[in-house]
Amino acid sequence: MEGYTACFLFTHLLILPRFMEFTFLRQVDILTNLMVCMISRKREHSEALGVSSLKGMIRIKTSFCKGCGLCIETCPKGSIFISKKINEKSYFPAEFDKSKQECTGCGLCAVMCPEAIIEVYREEG
């Protein structure tokens, strides 16, 4: 349900006239900061209640990935890395490290991906 809330909030933020006056980079900065605030509040809230951290995973469509690295930079758990294998388009795509099992399903990587090729999955609980 939180994904829908964030999506709803971002959509409404995008149609505000004042928001559209900002440069693209400033818009990205505002949206990223908003997402980080939402995630940190969720983390603080779950820790205060003694609830274990969320578990999640992502799926990257590596055949479409251009290896820009934005998802890697935004991942708070460091669960994404650049592959050593070349994809069909001759790029080194990003890959998800399943062995770490630290992904919380926060969705920052998906929000930052310019190709929109990252699917986020989160365990409910």
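The values are calculated or read from the model by the stated rules, or taken from the named source; none is laboratory data. Worth saying up front: this structure is predicted, and the values here are computed from it rather than measured. Glycine gets a Cβ as well: all are built from the backbone with ideal geometry, and neighbour counts include every protein chain shown.
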> So Val36 clears everything in (1) β-branched (Val, Ile, Thr); (2) touching a helix residue (DSSP H, G or I) at 6+ places or on another chain (Cβ under 7 Å); (3) at pLDDT below 90 except one condition, right? Which one?
Replying inline: (2)
> So which residues in the range 87-100 are farther than 17 Å from Met57 by Cβ and basic (Lys, Arg), if there are any at all?
Replying inline: Lys89
>> I need every pair where a residue in the range 101-114 that is within 10 Å of Ile58 (Cβ to Cβ) and assigned by TED's automatic domain parsing to the domain that holds Cys75 has its Cβ under 6 Å from the Cβ of a residue that is assigned to a loop (DSSP other than H, G, I, E, B) and of a type outside the set (Lys, Arg), sequence separation at least 6 or different chains.
In response: Cys103/Ser79; Gly105/Leu54; Cys109/Cys75
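Residues of the range 105-117 being part of a loop (DSSP other than H, G, I, E, B) and β-branched (Val, Ile, Thr), which ones?
Ile117
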> Tally time: how many residues in the range 66-104 are assigned to a loop (DSSP other than H, G, I, E, B) and either of a type in the set (Gly, Ala, Ser) or at pLDDT below 90 (or both)?
Replying inline: 16
